[in-house]
Each structure stands twice: as C-alpha cells, then as structure tokens.
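Comments concern the structure below.
The values are calculated or read from the model by the stated rules, or taken from the named source; none is laboratory data. All of these numbers come straight from a predicted model, not from anything done at the bench. Neighbour counts are summed over all protein chains in view; Cβ atoms, including those assigned to glycine, are modelled from backbone coordinates with ideal geometry.
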There are 4 protein chains.
Amino acid sequence: MAEDEVGFVTMGSAQAAAQPAPEIGVGMLGYGFMGKAHSNALKTLPYMVYPPPAVPKLVGIAGRNAEAVQTAAQRYGWQQAYTDWRALLDNPEVQLFDNCGPNNAHAEACITAAQTGRHILCEKPLGRTAAEAATMLEAVTRAGVKHLCAFNYRFVPAVRLARHLIETGQLGEIYHFRAVYLQEWIVDPAFGMVWRLNKAEAGSGALGDLGSHILDLARFLVGEPRQVSAMAKTFIKERPTREAGGGTGEVTVDDAFAAVLDFENGALGTVEASRFCPGRKNGQVFEINGSLGSLRFSLERLNELEVYWQNEAVRDTHGFHTVLVSEAYHPFWKYWWPQGHIIGWEHTFIHQFAHLFESIVNDTPVAPYAATFDDGYKNAVICDAILRSAETGRQQAISY
Amino acid sequence: MAEDEVGFVTMGSAQAAAQPAPEIGVGMLGYGFMGKAHSNALKTLPYMVYPPPAVPKLVGIAGRNAEAVQTAAQRYGWQQAYTDWRALLDNPEVQLFDNCGPNNAHAEACITAAQTGRHILCEKPLGRTAAEAATMLEAVTRAGVKHLCAFNYRFVPAVRLARHLIETGQLGEIYHFRAVYLQEWIVDPAFGMVWRLNKAEAGSGALGDLGSHILDLARFLVGEPRQVSAMAKTFIKERPTREAGGGTGEVTVDDAFAAVLDFENGALGTVEASRFCPGRKNGQVFEINGSLGSLRFSLERLNELEVYWQNEAVRDTHGFHTVLVSEAYHPFWKYWWPQGHIIGWEHTFIHQFAHLFESIVNDTPVAPYAATFDDGYKNAVICDAILRSAETGRQQAISY
Amino acid sequence: MAEDEVGFVTMGSAQAAAQPAPEIGVGMLGYGFMGKAHSNALKTLPYMVYPPPAVPKLVGIAGRNAEAVQTAAQRYGWQQAYTDWRALLDNPEVQLFDNCGPNNAHAEACITAAQTGRHILCEKPLGRTAAEAATMLEAVTRAGVKHLCAFNYRFVPAVRLARHLIETGQLGEIYHFRAVYLQEWIVDPAFGMVWRLNKAEAGSGALGDLGSHILDLARFLVGEPRQVSAMAKTFIKERPTREAGGGTGEVTVDDAFAAVLDFENGALGTVEASRFCPGRKNGQVFEINGSLGSLRFSLERLNELEVYWQNEAVRDTHGFHTVLVSEAYHPFWKYWWPQGHIIGWEHTFIHQFAHLFESIVNDTPVAPYAATFDDGYKNAVICDAILRSAETGRQQAISY
Amino acid sequence: MAEDEVGFVTMGSAQAAAQPAPEIGVGMLGYGFMGKAHSNALKTLPYMVYPPPAVPKLVGIAGRNAEAVQTAAQRYGWQQAYTDWRALLDNPEVQLFDNCGPNNAHAEACITAAQTGRHILCEKPLGRTAAEAATMLEAVTRAGVKHLCAFNYRFVPAVRLARHLIETGQLGEIYHFRAVYLQEWIVDPAFGMVWRLNKAEAGSGALGDLGSHILDLARFLVGEPRQVSAMAKTFIKERPTREAGGGTGEVTVDDAFAAVLDFENGALGTVEASRFCPGRKNGQVFEINGSLGSLRFSLERLNELEVYWQNEAVRDTHGFHTVLVSEAYHPFWKYWWPQGHIIGWEHTFIHQFAHLFESIVNDTPVAPYAATFDDGYKNAVICDAILRSAETGRQQAISY
C-alpha cells in the first residue's frame, strides 16, 4: 500500500505489474440495480485500477428468477447462474460473497457465507434492524473474514477529500454536520406498492434507504452521535398494488424522517431524508462547519467539493471554493483522466472493490476508509433510535 | 388598494398623486443597525413608492447616548433627539412608534406607546419570552392600534412570490419545509461579549436573532407547527469581556439550535440557526416541497427564487428554474427598475413601511402579508418550546 | 481622502462631520429610467455616505413633457421644473449639470453646460459617434470643469475589487478579457419601434447601449485595445410603429454585435452584446484570466466576484472562490450593512456621485476610478471601429 | 434501430438478445489518453449497451514504444501488440481501424486502412490542415467504408438533448451561438515543450485541440458558418525542452484564438479557445439563443443542461431550468442508472462506439448524429480560415 503525495492511501500504481495479480473468486446475489453497478465495477477494475491488487473471477450469480439471472450471467460474464444462493455458496471457487439482494435477503445469506469462510461485501442497510445486523456482525467477526458494508459514498473522491481535510485537522473543531438525502419518486399517490414500501421486506423507508447513507457519512466525517431526536412521516398510507386484481396495499415504512443529533465531540447534527421532494433527483447534500472552515457536497455534482477557509491568506477574496476534485493528486484520480474530465456515480463501486481487494490480498483492515459490518451495525442502531424517538417523542441515547 | 396583473396586492400606482398623501408622524427608538435601515426606508419611501400611501414625518429619535442620538438625528433628518423614549412618546406629533431598540427595550416602550394610542412597528423578536410578548400583544389589542412585528423577509419579492405560489395552490399539498439561518461571526473564541450573548438582554441567542426569522417564514409560507423536538448548543461558554479590566463573561444563550417540526397540515419541518458557520455570511436558506413542485430561496441571492414544477409541459426539460424575481409583474417591482437590475436587502424595509402606511391610512389589516404582534407572540411561543425541548429532551406541543 | 485597511480609496468616514458639508447645486436633464436612478442617488447620498463630501441641492430638472417633468420635480423634490434645458442652465444655482437625456440630447446640452462653467455628469454613451464625443471632450477640457461619463459599473463593489486585484498585480500578466452583455427585450418581432432602435437618435443599438459598458470595463480593467475585428447583426429589420396609424418603421441600428480585441499589453479580448437572448435579463458577464489567477463577474449577481488563485497555499482545494463582496473592508461597503446584507444595482450611482462630489470639493481627479469624457470619447472611438470592421470585414486599428 | 418515447434514436433495447450479436474486429493505433478511453469504451459497451449492436473483438493495438504497447495490450486485453500500424493492418481480422495516434499519424494510417477496406474511427482533428483532411475524406469515400471523426461531445446526453430541442424547432430561429473551450495547463512558462506545441506534429494549438470541438458543436447544433473573423495569440513563444541537454524550443502553434462567425442561417457566433485560463480545468461552455428559448452547457457539469423557454406557461416563474439530464427518457440514459446517478466524461465514447457499431451492422448512416470524415474535413476548413483571418486581419469566407 502506497501513499501519494498528499497522503491519500492508494491501491496500485501506474507502472506495469511486476507479477501477475492474484485472483479472487466472486459470487454475487442479486441482478438488479446494484447487481448491474457491482458487475460493472468488477469488470472495469482490472484495467482501470492498474495494476490491480487482485483480479476478480466472476464465478457465479444467484437470483430467484431463473430467466433473469441467466440473462444477467450472460450479459456480465458470470460463469454460472444460480436460483438459490445456497448453491452458489456451495461452489468452492467463491472466495468473496457480494450480497446485492433486497434487505430481507441480507442476513441469512451473509451469515452462511461467513460460516463457510467467505469474505463478504453486503449492500446497505446491513440488516433491517440493529438486532438483525448484530447477528451478521457476530458471524463475520467469529469467522475472521473480511467484511464491508457498501456505503459507497465514502469512495466519492470529493467525500474522501473531505475526510482527509477533517482528519488532518485542517477544518479545526467540528461544530455542525447537516445532511439531507432527498428524492422525488413516490410523490405521486398513483405510484404503486413496491417492496421498498413494506416494512417486512425493507425494514424502513427513506430512513434505511437514503438516511442510512448520510448517517454513515456523519460517522465517517464527524464521529459518533450520542443522542438523537427525530420525527418520521408516512404521507400516503395506502397505495395501489401492482397485482392483477387491483386494490391497495398499506405503506408500512416512513416516507420521510428528520432528526437532530448530538455528537460525542460536541457537534450538532441534522439529518433528513425523503422521497417526496419534487425536483430532487438524487439530492444528497451535506455541509460541515468547523472552527477553521466549512465543506459542502452535493451528490448530483459529485466531482465538486465546496470549501471555505476561515483564515485564508488573501482576505479580500475569502469565499467558498468550488473545487473540481479531478486532479491527479486527488483521491482515486490516478486511475482516471486529466483534470476536468469528470467521472460518474458508478465509479464509487470500482474504488470500493479495489479497497476491499487490497484488504483481502494484503490482509489490511477494511476500516476506516470503507465501512465494515461494524459500521453497518452501528448505522442500524442509529436508525432504530431514530424510529424510537419518532414514536415516543423523546430523545434517544445511541448505545452500540 | 389595487391588484396588479398577477394578483399581487400593491400599495400605490405609477400615476401622479390625485391628492396630497397624508402625513404620519414617526418616532423611533434606536440608532444602530436597524435604526439606519429604518431611517433609510422612511426617507426613500415617499418617492420610490409613488404616489405614497402616506408621507412619514420624522418627528423624533430616541437613544441612550446623547451624542450618538444627536448625530443620528442630524444625519437622517429627525427633527428632535431624545435620550429617553418616554419624552419622545410625550410628543403628540408621534403617531407611529418604531421600536428599533435592543430586545430588552421592546416591551415597556411598546406597551406605553400602545397605551397612548400610537401605532407600533417593533423589531423582532417581539419579546424575550412568550410571556413578555403576550403582554405586548395584549396592550396593542386593547388599544386598537395597528401593530407590526418587523419580520422583514416577508417583504423580499422572491419570498412574497413564494407565498403567492403556495396560497394559490400551485405547489399543491405541502410536505416539507426546511430552513437554516447560518452566520459565522462568533466562531472565533477571541470574539468578546456583546449584549446579544447575554440572556437577560437578548432572551436567546441564534434562536431569537436568526431562528425567529425562519420560524416566521415557516408560519407565513406553510402554516402552524403543532409539535417540536430540538437541541441547542453553546459551543463557547466563556468569552473575553470588552471592558477595561479584562476578564471573561459567561455566554448565557444558545450559539446554535436545530429543531424538527410537525405542522398542523401534516408537513415535516426542520429549522436550524447558528453563528458558528465559517463562510456563511448571511446564510438564510429555505426549501419547500409540495405535491406539485418545490421552491428554494437564499437570502444572499435574494433576487432569485428557484422553482420546480412537477407537471411542467415539456417533460425533457424539467428542472429547477432560477427565477430572477425582477419583472414589472413581480411583487413590489413596479416601484423599482427594469428587469435584472437587482435590489438589495434594505428594500424590504421600504416595502414593509409602505404596507403599514397603507394599513394605517385605509384602516386595512396588517395581517397576513406583514407579521403582527400576534405573529410576534406566536413566534415567541415556538422559541420557548424549542428551548424547553432542548432542555428536557422531549417533544413539545405548540400551544398559543 | 482616506484609505481603508486594504487600500481602497474612500470618500468619507463613519464619524460625525466636523463641519458642515459644502452644497453643490445640481440641474438634471431627463426624468426617465436614469433620471429616477440619479435622483434617488442624490437623495440617498447625504445620509448613507456619511459625512458626505458634499450635499446636493436639487435645483432644477428639465424635460420636454411639461406634465411629466412637473411630476418628477414634485416626486423627487427638485425645486423647479423646466421644459427647456437652456432655461435650466440659465439658473446660476446650477453648479453640476447631470445629463440623463437620450443620446441625441447629450452633446449640445453638455457643451453649453461646459461653456457656462458647470461640472458635468453625462450618461453613456457620451456621443452617438466619436466625432460627436470629441466635441464634448474638447468643450469640457477647454472649460476646465470636472466631467464624468456615467459608466456606473466601475462603482459596483465587486468590479472595483477586480480592479484592485489587477492593479496591485495579484492577477499577474493579463492574457484574456471576455465579456458579454446580453438582454432579451426585443426578441419578439411584435415589439414596436422605440428611439433606441433608430440610428439618428441612438447612434447605435446593442453596441452603444450595452457594448459600451463592457468596452469601458475592458479599458478600466485590462487596458487599451489596439485592434478590433467585428461583426454586427440586425436580425429584425422592420418593426411596427407605436403610432396611431400603424405601419412599420425601419430598425437602423445593430441588434447584436461581436468583436475580438487585441490589447496593447498583448491580451486577447472578446466582447459581445445583444438584445436577442431569451432569459438573459441583464446579462453582463465578464471573465479575466491572468498568469496568477482568474476573475469572473455577473451583473445579475453583482454582490459576488469569482476568483481563482493559481498558486494558492492549499493545493487540494484550488478552485474558484465565490466571494460575497460585502465585508466592511470591501470597496464602498463602509457605507452599507453588515456582511451578507446585499446591495442593489442603484447603489452604483450613489458611489459614483460621491466620487464626483469628492473630486469637485477637493479638486482631485475624476480619473481613473470614474470614467471621464476622455473615457467616453475613447469608448466611442472603439464603437466606431467595431461598426467599421463589421461593414468592411477588416480588422481596424484603434486610434484615439 | 428503435425510437424511445421522446423520439431519441436508440441503439438497442433492455430485453435480452434474441440472437448473438455480430463481432467486429478492432485494431487500434495509440495507447495514450485516447487509447485508454477508447479501450475502456470497447470493453464496457457489450454489457452496458445491452443487447449490443455488435461485440468488439480486440484484435490488436499498435504503438511506437514496444514496451508500452505491450503493457497496454496486456492491460486492456488486446490480443496482439504491434510497433507498426502497417503490421496491424496486415491482420485480416481487423475490420474497424481506431486511430488514437497523434495528429501527424492520422492521415497515412487512415488512408491505408480505407484502401484495405476497413471502417475507420479517427480521433480529431482529422488532419492537420484542410488539405490533409481532404485526402482522408477522399480515401474513405472512394473505399465506401464507414467513417467517424471522434467529436465525442455529440454523445454527451445533454448535448444530444440540445440537438433534439433545436432540430424539433422548439428553440425557434437561432440567433446566437457562443462557445469557449478554456484550459489552464500551459500558463506556467516553465511548462516544457510537448508535441502539441509544435505545428509540424499538431497542425495547430488550442485551435485544433480545443477549438475544433466547439466548431463541431457549432455545426452540429446551429449549422454551417459562412464567414469568420479571428485573432490568434502565442503568449509564450519559447519554452524549455524536455531533453537532457536543456535549451528551449519554439512554440509554433496558437496558445489561444478567438473568432466571430456568421452562419448561413443568419446567426451570429463567437468561439474561443485557450490553454492560458487558470482555474478552467476543462472549460467547454456554450450558449445558444433562439427566438423561443436559450440553452447553456458546461462540460465540467456535463450531466446538466440549462434551458430557458420564452413562452412558458407560468409567467411568474420564467427562468433558466437546470435540467439534470439523467431520466430514463433522456438520450442514452436507458443504458445507465436511475435518475440523478450521474455519468462521466468517458461515457461519451461508449455511446459513440455503439452508434458506429449500429451503423456498421445495419449499414445505416453515421451522420448526422456522429461526425464523419466529411465533418472532420469541414472542421479543418474552418480552422484554416480562422488562422488565415488571424494572419491577414480580414474576414474569410468558409468554402468547403
């Protein structure tokens, strides 16, 4: 593991490989949105993160729909298609289990994978509840395998730069963290029921889907929250089902929530997520204020970081800098293009896999630059506390 | 009172006055930042809001420092300078009392003014507590005078346009209100004690100074909140005094607060204010999401309103509009310049006085387009509930 | 004349006046858009630029329409209304002649004013042609009066800051100046004839009206251009007249022009103006690139200046700064409000009058911070060269 | 070839392939920046543009440096490495020749490829002069092969949307096109000589490298220019060589140019490019004004298009829309992610190859959505005219 000029931990070099990279057999569960993003990352990594820390071997992909999983296997080049993740895990070539299934398919499969000695990457939220996440954490800990919970926004170059500026003390003492994650896709009451609106399958709504991301960033960038007060809303409680007979189904998760946080280091936080915000396509935005400066980030412009320095040399021109995070010396940019040739959302997954491969090959820690199952569990504890605060109207202590 | 093409209530016309405008004698308390802004508005109004609903006569100005108040009188053309507001109120020419004094100088002077039959404009926050504000509301109600609490941001053209879009139903059902008011001026621990950091004088800190503005906008634009959960912070508890002997003084107000709100109409709100946000010069920002669209506003770019329409005709080009609110048909713009020749912060006070003068001359209601003492009182009730929630860790019901 | 901390030349102080300010009798021609803006500036200056360098006495206002000029006099407090500027200039109380008339009313009145010993402020463009402007320059030079050509954008705080950064060498060698001034108001072919579309009255179209402003900024910020190549367009050549009988009139000026400039210091420039740009309300935008940094400005956000420093200390966060030019130490801001409480377009006129009054009272030069008739003449020379290049298809040398 | 809901021509479908896609053997020249971008596109296309119109077979890669080309072959999976493009073209498996070599390596190799019946994709600028480009156009025309000149910005979704809005008449008559392409990378005089600064190798400087892109967009979006007036600059004429012995080399190309254009349809254009603009990382920006609206684009935020509609329904909220071009119905977005999950610069190459493969497989025209060698030739004619105008100081007619 090398460090580039500004101290960002990097995962390779631009020179040719001295020796062939080791191979890691991967088995994936899920072929939907996340399956597509992860497959793309696995296929791109070996030549863009070059020389690669390891080369993934796409051993098998599992999913419930036989035809769909077969198509996905053919499309992305997975060697075998499975309709049962157990059969996938029976394949001894699988060294790394990548769980892209829906939330209610996380725990059992991951635990089995751990018990059979596989390293695991699991999509977020880790479990539907803290209790469920705890069983997963326990399993990987006991098994001694590498584990990563896919809070992929830690791997946006601008977010990693934010972390760098904070952890090197350049922002000073942190006073504020405020973040929203706003989308618009269910504001129409005619939008029908999907698994994400059902508590049994999804665990929670905007909270687990969107809020978990910004709660992870809160912990990644600022530290542990110790208290939370929150409210949650289900604006539309009945929606049409998508089944033949018609009728409606009950929305059993939150459409939106908002919370205020007290951090251990004394910072004050606000976090909010919603799927009822017209115009907000993928509106994850955060701002951090410290004694020496401020940072702002917006996912829809993920190549940029806004930075304000309190004590900058030229007083006349103090102001937020719009930093296009795309220089060769910026995090992860040695893999990409000349400055200003921006990258996209999907690249976060490439960086994340590269980090995990590095950890597996060199037996280095996954934390703190990637989230582990420990982070996934703590995230779930905070989510639970938010729902409990919303229900009781009382501030809740965060206790892991 | 006339309406212009798009239905904005206007306060005059571009034609020459058919008859001379009536005169209103004004007496002002305070010569600081607000005194300057109000004086400018009174002097500008008669020729920019033309023909004016009334012409102010600058009868007298009062303040504790004899020399400073004398200078202010000379500078702005106040006929007489007083070192005691009681003497000012003894002057029978004063018909309108304009209270620009510090927060602890609001109640007694306003109550006396009401008891002696003067119309009143009082700077915000109305009182240091809801109890104090209640005595002021009672006094003006009993006296039957016109009363206005100077939540001047209601008179930003873009904010008035936002109100128009909401009250005409164009935004549909409101789901979210989120607002921050962020400044930076006390982030340096060496910044010394001022009256604004002392509870006895100011009542509260960022809450009453900044938070009260966005709470007023919440009520103006969305409606009444019914529940609140909040946290508050005093990041730096001791600061150097500004007195000769040195030493430190205790900061007895909040440096920052954050709250989540539940509105009567079901909307979810977040409000936050702080003076510890480097780079945020005057960072009042709000966003409102409704079933048919969204609005965004930033005070540092007060001539703009961002608007998203959910069901706009050309699907390919949906997106937030950056509306430069400066057309002849936009609120208050008939008084100003051709489109794109932007106006400044101080103009809100001109619009506000014009509205009050109109109300006095025609005996029309001050509400709902301006805030009254009733609004000032309700604002104080919410502020009190926020502090109580922060202290107790429990959600508080808002009850006026 | 004092300098504030960063060396901006200032025109007064915040302390009370030691002695009464001298009075300057002003006579104005014109009561339209510019008449309103200038009147407001004259009325506001004495208490906002405090203590003022001089106090204007509003002696008289002249215009062709007797009723309109009478209304304007009453509205703004001009002591007397005239329907003939000669009569106004017969009034010995007039010490400063303020010419806000249409372009074809500039030369004769200004020359007469100069010959009778009045200081002169004349709206831009100074003359309809360089030849006409030359007669005006000659007159004021011979008379030895103060003269100012109202290129008011030199008095935007952000523009003055740009000048400061350049003239102190902080931007290094200047390589590029690019500016546009784009408006939209005649894009509709049904928009009828007005004097601004008639060459005899206006001299030129977008060029003299809008282009002259950015050409002045080119000279103010970068230096003298020595060569120009240009094209001009009249997109709609016939428009309905506004007279009773109907019919159409010929548009005899440019709807738009674009030019490339070669500066004496080697910089390359582009300037363009148009009235055919939907959505561009008052779209004056410029950018300057030097060896040490870059600047960007947009008139619709006139309180902001974007600044990039090439060699800034923290390499990781290089980026354009969005500077909110509203600090007490920024140009002209000592007269206004706390940071972030933005000012409007009209304030430029206040700063400009203050500068001229200072020059008159102290007999200090109007140049270089304000434009003089010399600047107005040189501006006209460049405008003429642009039209000549557009007609001939040949690069034109700029020769004053 | 199918059309999606809004009429964008698409190149595949989301369903599984009914039959295996045909294979196209590709041979590439060059392994630098463009070689990397093209290789990535070829590897990604088959599973992201799914089912693909054709599957590329990476037959061979050629380059001068044996070691470097070998590394590139291994890295990207090219079957064979060549140090001579002639040998590559001797390989009968090569059906498509992809020329990513430096500008002086374009003509001969492309002509040979055409003569041997290969389809060709050639990086821009096509030739170093119009004369050279003409020989290339003649060769491909005579050979009857498919030919594409890689003006890849036609394949930015937002740019394609811009084309769609214009070609469907939604923008009305076009009055203005203004574009800049600004970079910063040689502003430091210590930056040493590279081939791009040498006329013999590069043909021209900022003009051919950057200007050619925006000239192509001018033609793609607005139409043919008929006249041009221009200036060009070489700010730093001597630079250190990168060779061992030291010394300096002469910069024989333009560092910057600026031109005004007259289009056949009457529109007025401005184009400018420079490598001397600190802070401008990859600053390609264009704006188009038509009688019914305006468009703005910035490459550093390539997922966005700003759009203004002149006659939009809600008058109160007219303003530029910031359109996040990432909806399923936007051009090329069916291949990617849910809305708001932005894509990067490299994706343009994937779209471009997909278009070319479709053209090859179905024998459909490459024009007008991609640029052909005809476009490459016309582009060179305009570049030549710009240099000639800059040299002569005279407007030049564009004549193909």
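Looking at C:Q310, C:Q284, can you tell me which residue is over 30 Å from D:G269 (Cα atoms) and either at the interface with another protein chain (Cβ under 10 Å from one of its Cβ atoms) or not β-branched (V, I, T) (or both)?
Selected residue: C:Q310, the only one of C:Q310, C:Q284 that is over 30 Å from D:G269 (Cα atoms) and either at the interface with another protein chain (Cβ under 10 Å from one of its Cβ atoms) or not β-branched (V, I, T) (or both).
Scanning the range D:294-315 for residues that are surrounded by fewer than 24 Cβ atoms within 10 Å (Cβ to Cβ) and under 26 Å from the mean Cα position of the chain (by Cα) turns up D:R296, D:S298, D:L299, D:E300, D:R301, D:E304, D:E306.
Conditions (1) assigned by TED's automatic domain parsing to the domain that holds A:H38; (2) at pLDDT 95 or above; (3) in contact with a strand residue (DSSP E or B) (Cβ under 9 Å, 6 or more places away or on another chain); (4) buried (at least 24 other Cβ atoms within 10 Å of the Cβ), marked per residue:
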{"residue": "A:T116", "(1), (2), (3), (4)": "yes, yes, yes, no"}
{"residue": "A:P125", "(1), (2), (3), (4)": "yes, yes, yes, yes"}
{"residue": "A:A131", "(1), (2), (3), (4)": "yes, yes, no, no"}
{"residue": "A:T135", "(1), (2), (3), (4)": "yes, yes, no, no"}
{"residue": "A:T141", "(1), (2), (3), (4)": "yes, yes, yes, no"}
{"residue": "A:R160", "(1), (2), (3), (4)": "no, yes, no, no"}
{"residue": "A:L165", "(1), (2), (3), (4)": "no, yes, yes, no"}
{"residue": "A:E173", "(1), (2), (3), (4)": "no, yes, yes, no"}
{"residue": "A:F177", "(1), (2), (3), (4)": "no, yes, yes, yes"}
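Taking the conditions (1) part of a strand (DSSP E or B); (2) more than 14 Å from chain A (Cβ to nearest Cβ) in turn, D:A244 satisfies each one other than (1). The lone criterion from (1) out of contact with any helix residue (DSSP H, G or I) (no Cβ under 9 Å at 6 or more places or on another chain); (2) facing another protein chain (nearest Cβ under 9 Å) left unmet by B:L182 is number (1). Out of the residues in the range C:354-399 that are aromatic (F, W, Y) and touching a helix residue (DSSP H, G or I) at 6+ places or on another chain (Cβ under 7 Å), state the one that is nearest to the other protein chains (Cβ to nearest Cβ). So, considering only residues that are aromatic (F, W, Y) and touching a helix residue (DSSP H, G or I) at 6+ places or on another chain (Cβ under 7 Å), the one nearest to the other protein chains (Cβ to nearest Cβ) is C:Y369. Restricting the range A:191-236 to residues that are touching a strand residue (DSSP E or B) at 6+ places or on another chain (Cβ under 7 Å) and over 29 Å from A:R178 (Cβ atoms), the residue that is surrounded by the fewest Cβ atoms within 10 Å (Cβ to Cβ) is A:G192.
Look at (1) assigned to a loop (DSSP other than H, G, I, E, B); (2) buried (at least 20 other Cβ atoms within 10 Å of the Cβ); (3) more than 14 Å from chain B (Cβ to nearest Cβ) and you find that C:W345 fails only one, number (3).
Yes or no, residue by residue, for (1) among the aliphatic types (A, V, I, L, M); (2) in contact with a Pro (Cβ under 7 Å, 6 or more places away or on another chain); (3) within 19 Å of C:Y175 (Cα to Cα); (4) at pLDDT below 95:
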site: D:A244; (1), (2), (3), (4): yes, no, no, yes
site: D:G247; (1), (2), (3), (4): no, no, no, yes
site: D:V253; (1), (2), (3), (4): yes, no, yes, no
site: D:L261; (1), (2), (3), (4): yes, yes, no, no
site: D:G266; (1), (2), (3), (4): no, no, no, no
site: D:V271; (1), (2), (3), (4): yes, no, yes, no
site: D:F276; (1), (2), (3), (4): no, no, yes, no
site: D:G279; (1), (2), (3), (4): no, no, yes, no
site: D:N282; (1), (2), (3), (4): no, no, yes, no
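Of all residue pairs spaced 6 or more apart or on separate chains, those with beta-carbon atoms under 7 Å, a first member in the range D:147-160 that is of a type in the set (V, I, T) and a second member that is outside any helix (DSSP H, G or I) and surrounded by 24 or more Cβ atoms within 10 Å (Cβ to Cβ) are D:V156/D:L302; D:V159/D:F297.
Determine if the range C:34-44 includes at least one residue that is within 14 Å of chain B (Cβ to nearest Cβ) and of a type in the set (S, T, Y).
Yes, some residue in the range C:34-44 is within 14 Å of chain B (Cβ to nearest Cβ) and of a type in the set (S, T, Y).
Tell me, yes or no, whether the range D:329-336 has at least one residue that is within 27 Å of A:P278 (Cα to Cα) and more than 14 Å from chain A (Cβ to nearest Cβ). Yes, there is a match, as at least one residue in the range D:329-336 is within 27 Å of A:P278 (Cα to Cα) and more than 14 Å from chain A (Cβ to nearest Cβ).
Is there a residue in the range A:313-322 that is modelled with pLDDT of 95 or more, closer than 21 Å to D:T322 by Cβ and out of contact with any Phe, Trp or Tyr (no Cβ under 9 Å at 6 or more places or on another chain)? No; the residues of the range A:313-322 include none that is modelled with pLDDT of 95 or more, closer than 21 Å to D:T322 by Cβ and out of contact with any Phe, Trp or Tyr (no Cβ under 9 Å at 6 or more places or on another chain). Residues in the range C:260-281 that are among the hydrophobic types (A, V, I, L, M, F, W, C) and more than 7 Å from every other protein chain (Cβ to nearest Cβ): C:L261, C:F263, C:A267, C:V271, C:A273.
For every residue, the table says whether it meets (1) within 28 Å of C:G208 (Cα to Cα); (2) modelled with pLDDT of 95 or more.
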{"residue": "C:V6", "(1), (2)": "no, no"}
{"residue": "C:S13", "(1), (2)": "no, no"}
{"residue": "C:Y47", "(1), (2)": "no, yes"}
{"residue": "C:Y50", "(1), (2)": "no, yes"}
{"residue": "C:A62", "(1), (2)": "yes, yes"}
{"residue": "C:Y76", "(1), (2)": "no, yes"}
{"residue": "C:D84", "(1), (2)": "yes, yes"}
{"residue": "C:L88", "(1), (2)": "yes, yes"}
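One residue stands out among those in the range B:138-175 that are within 16 Å of the chain's Cα centre (by Cα) and part of a loop (DSSP other than H, G, I, E, B): the one that is farthest from B:L299 (Cα to Cα), which is B:A150. If C:P53 satisfies all but one of (1) under 24 Å from B:P51 (Cβ atoms); (2) within 24 Å of the chain's Cα centre (by Cα), what's the number of the condition it fails? That leaves (1) as the condition not met. Meeting the requirement of 1 or more residues that are without any contact (Cβ under 8 Å) to a residue 24 or more places away in the chain, the strands (runs of 3 or more DSSP E) wholly within the range D:23-137 are D:80-82.
Scanning the range D:90-114 for residues that are of a type in the set (S, T, N, Q) and modelled with pLDDT under 95 yields D:N103, D:N104. Looking at the range A:247-327, the strands (runs of 3 or more DSSP E) lying wholly inside it that each contain 1 or more residues that are without any contact (Cβ under 8 Å) to a residue 24 or more places away in the chain sit at A:248-250, A:293-298, A:304-309, A:320-324. Cβ-Cβ distances below 6 Å connect the following pairs, each with a first residue in the range A:389-400 that is in a strand (DSSP E or B), a second residue that is of a type in the set (K, R) and modelled with pLDDT of 95 or more, and a separation of six or more residues or different chains: A:R394/B:R394; A:Q396/A:R388. Being under 20 Å from C:A162 (Cβ atoms), of a type in the set (A, V, I, L, M, F, W, C) and in contact with a helix residue (DSSP H, G or I) (Cβ under 8 Å, 6 or more places away or on another chain) is the filter here; which residues of the range C:314-347 pass it? Hits for the range C:314-347 are C:V323, C:L324, C:V325, C:A328, C:F332, C:W333, C:W336, C:I342, C:I343, C:W345. Between C:A190, C:A230, the distinction of being within 14 Å of another protein chain (Cβ to nearest Cβ), of a type in the set (G, A, S) and in a loop (DSSP other than H, G, I, E, B) belongs to C:A190 only.
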